[in-house]
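Every number here is computed from the coordinates shown, using simple stated rules; none is lab data. Not measured: the values here are computed from a predicted model. Cβ atoms come from the backbone with ideal geometry, glycine included; neighbour counts cover every protein chain shown.
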Amino acid sequence: MAKFLDSMIGFNNISDGDIHMNLISEGVNRILKNLDEISFEGQRVLVTGGAGFLGTWLCNVLVRQNADVVCVDNLASGLESNISNLKSFDNFRFVRHDISQPILFDEKIDVVMHLASRASPLEFDKFPIQIIKANTLGTWIALGIAKKHRSKLLYTSTSEVYGDAEVTPTPETYNGNVNPVGIRGCYDESKRAGEAICMAYIRQHGIDVRIARIFNTYGPLMRAEGVYGRVVPRFIDQALNNKPMTIFGDGKQTRSFCYVTDQIEGLMRLAWMEEAENEVINIGNPVEKTVMELAEMVREITGSNSSFEFYPLPQDDPRKRCPDISKARKFLKWEPEINLEEGLKKTIDWFGSLD
Ligand SMILES: NC(=O)c1ccc[n+]([C@@H]2O[C@H](COP(=O)([O-])OP(=O)(O)OC[C@H]3O[C@@H](n4cnc5c(N)ncnc54)[C@H](O)[C@@H]3O)[C@@H](O)[C@H]2O)c1
């Protein structure tokens, strides 16, 4: 492992002043160090959605662990530029493909990490059918690959399966309070269906599946365009440009924000740990903040003079969002280590360095 930490092949052509890539190489180093003996070295790992925000981070970590990485992505919301540095690795392959359509692999696949799905609220309105297909048909196809190769599968579900939770911090045993016919239904309900399909494959075919319920995650590599769909990049963009910061409702609704390196470490542990076989586990930061607190923190760190503008709450916007991570602590020996201020500073550096 040490040789990867020292050399960080693929980041060698980065100049010292390049904040952009330094933030990623520093983050990947941190994850590799924390993972220690947890490694997919020598295993072929299929990452669907590998050109997206979380997928790109996972591919970067896996490639440096010497896994053989196959990234499948149709570039619906991901970017080819995210994975451009990875293309120089012999152990990385990109396949442009829509995972809701069948695909076969002759070579043995050891692990499937299924991340493919648009995930920004802005996209719920524009692409509801593609979202439903990625999470239902796409999950079915990913599970079919796992069944054929007897590989294990990590399914990236979401805190949205809890809907407007009546219990917070929310444990995995809470069954949710979701509106199936609301604007968020295409995402929330298809993720719930995806979980049900996973459970069917566990019960009927004995596949080893792990379900991550991911809570709001932010950090470098989040898309810059379409920033208005997600609260962290929206506030950062508005503050950096001294534009009014848009707050929905009174700003007293809460969220919990997980820095991306913590999230990726949690996902890697979930995919790896024997004890996590067939478990459903929340992965997120348990520190709850109001949206107003987030806005004030972003404004302070950026030194912005943005004002706040208030708009009506979108339909079915959850009032409280906070994970109970007792299960992750127990099964994954994991908890987040980057606090919101530190994570925001890194993310603001990232957005500030974009052209
Ligand atoms: N980022 C978060 O805060 C968060 C929270 C909860 C759940 N998740 C889940 O984690 C996963 C990754 O999210 P992200 O934030 O990286 O989103 P993202 O939009 O950045 O990445 C998703 C990737 O999937 C690809 N994709 C979409 N549909 C596809 C299809 N049919 N076939 C192949 N590729 C397809 C996109 O092109 C993109 O590269 C998603 O499943 C999402 O629902 C993310």
**OP:** Give the share of C-alpha pairs in each 20 angstrom bin for the chain, from 0 to the last occupied bin, in whole percents, shortest bins first.
**Re:** 31, 61, 8
**OP:** May I ask for log10 I(q)/I(0) of the stretch 77-222 at q = 0.09, 0.11 Å⁻¹, from a Debye sum over the Cα atoms as equal point scatterers with solvent left out?
**Re:** -0.31, -0.46
Subject >> Using a Förster distance of 41 Å, the FRET efficiency for Leu354-Ala200 (Cβ separation, nearest 0.05) >> reply: 0.45
Subject >> Bins of 5 Å from zero: percent of alpha-carbon pairs in the stretch 123-206 >> reply: 3, 15, 24, 21, 17, 13, 6, 1, 0
Original post:
What does the helix-only formula give at 222 nm for the chain: each DSSP H stretch with n ≥ 4 adding -39500 (n - 2.57), the total divided by the residues, and the result rounded to the nearest 500 deg cm²/dmol?
Top reply: -12000 deg cm²/dmol
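Considering Cα pairs under 8 angstrom that are at least six residues apart, work out the relative contact order of the chain and quote it in whole percent.
17
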Subject >> Filtered trypsin sites (Lys or Arg not before Pro), the stretch 214-292: DSSP coil and at most 16 other beta carbons within 10 Å >> reply: Arg223, Lys252
**OP:** Compare the Cα positions of Gly185, Leu122, Asn135 along the charge dipole of the stretch 111-208 (+1 at Cβ of Lys, Arg; -1 at Cβ of Asp, Glu; about the Cα centre) and return the one farthest towards the positive end.
**Re:** Asn135
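Can you give the translational diffusion coefficient of the stretch 190-307 in µm²/s, computed by Stokes-Einstein from the Kirkwood radius over Cα pairs at 4 °C and 1.567 mPa s?
On the way: Rh = 16.4 Å.
Rounded to a whole number, D works out at 79 µm²/s.
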Original post:
Taking the chain as a Gaussian network, Cα atoms linked when under 10 Å apart, which of Glu41, Glu275, Glu265 shows the biggest mean-square fluctuation?
Top reply: Glu275
Original post:
Of Ala146, Ala119, Ala51, which has the largest mean-square fluctuation in a 10 Å C-alpha GNM of the chain?
Top reply: Ala119
**OP:** Among the GluC sites (Glu not before Pro) in the stretch 111-167, which ones are in a DSSP loop with at most 14 other Cβ atoms within 10 Å of the Cβ? Mind listing them?
**Re:** Glu166
Subject >> Sum of side-chain charges, Trp334 neighbourhood, beta-carbon under 11 Å (Lys, Arg +1; Asp, Glu -1) >> reply: +1
**OP:** Considering only Ser326, Ser81, Ser151, give the residue with the highest GNM mean-square fluctuation for the chain, with springs between Cα atoms whenever their separation is below 10 Å.
**Re:** Ser81
Original post:
Once you charge only the Cβ atoms, +1 for Lys and Arg and -1 for Asp and Glu, what is the size of the charge dipole of the stretch 11-133 about its Cα centre, to the nearest 20 debye?
Top reply: 260
**OP:** Measure out, as a whole number of angstrom, how far apart the alpha-carbon centroids of the stretch 142-180 and the stretch 238-261 sit.
**Re:** 25
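Taking the Kirkwood radius as the inverse of the mean 1/r across Cα pairs, report the Rg/Rh of the stretch 43-148. All intermediate terms of the calculation are to be shown ahead of the outcome.
On the way: Rg = 13.2 Å, Rh = 13.7 Å.
Over the Cα atoms of the stretch 43-148, Rg/Rh equals 0.96.
For the chain, what is the percent of antiparallel DSSP beta bridges, rounded to the nearest 5? Working shown, then result.
On the way: 3 of 39 bridges.
So the antiparallel bridges amount to about 10 percent of the total.
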Subject >> Point-to-point label distance, Asn278-Lys147, nm (Cα→Cβ direction, 7 Å offset) >> reply: 1.7
**OP:** With a cut-off of 15 Å, note down the residues of the stretch 279-299 whose backbone N falls inside the zone around a label point 7 Å from the Cα of Lys345 toward its beta carbon.
**Re:** 297-299
**OP:** Anything in the chain that counts as a DSSP H helix reaching 20 Å or more along its axis (C-alpha) with Kyte-Doolittle mean of at least -1.0? List them, would you?
**Re:** 19-35, 185-205
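Nearest 20 debye, what's the magnitude of the dipole of the chain about its Cα centre given +1 on Lys and Arg Cβ and -1 on Asp and Glu Cβ? Please list the in-between numbers first.
Values: 40 positive and 48 negative charges, 141 e Å.
It works out to roughly 680 debye.
How much length is gained if the chain between Tyr228 and Asn34 is pulled fully straight, taking 0.36 nm per residue apart and subtracting their Cα-Cα distance, in nm to one decimal? Before the final figure, lay out each step's value.
Values: separation 194, 0.36 × 194 = 69.84 nm, distance 3.25 nm.
Here the answer is 66.6 nm.
Would you please give the FRET efficiency between Glu26 and Phe248, computed as 1/(1 + (r/R0)^6) with r the Cβ-Cβ distance and R0 = 30 Å, to the nearest 0.05? Show your work: numbers first, answer last.
On the way: r = 33 Å, r/R0 = 1.10.
After rounding, the FRET efficiency stands at 0.35.
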Original post:
Which of Val95, Pro323, Gly219 sits farthest toward the positive end of the charge dipole of the chain, with +1 on the Cβ of Lys and Arg and -1 on the Cβ of Asp and Glu?
Top reply: Val95
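In the stretch 278-355, which chymotrypsin sites (Phe, Trp or Tyr not before Pro) fall in coil by DSSP and have 16 or fewer other Cβ atoms within 10 Å? Display every interim value, and only then the final one.
Values: sites: Phe308, Phe310, Phe331, Trp334, Trp350, Phe351; in loops: Trp334.
Here no chymotrypsin sites (Phe, Trp or Tyr not before Pro) fit, given the DSSP loop and packing criteria.
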Original post:
In nm, to one decimal, how far is the modelled label at Glu41 from the one at Ile129, with both set 7 Å along Cα→Cβ?
Top reply: 4.8
Original post:
Quick one: Karplus J couplings for the stretch 320-330, per residue in order, coefficients 6.51, -1.76, 1.60, θ = phi - 60°, nearest Hz, x for Gly and Pro?
Top reply: 9, 8, 7, x, 8, 9, 4, 5, 5, 4, 6
Subject >> Amide hydrogen neighbours beyond the local backbone of Arg118, cut-off 5 Å, H modeled >> reply: none
**OP:** Could you name the lysines whose alpha carbon sits less than 25 Å from that of Lys243, not counting residues in the same chain fewer than 8 places away?
**Re:** Lys252, Lys289, Lys345, Lys346
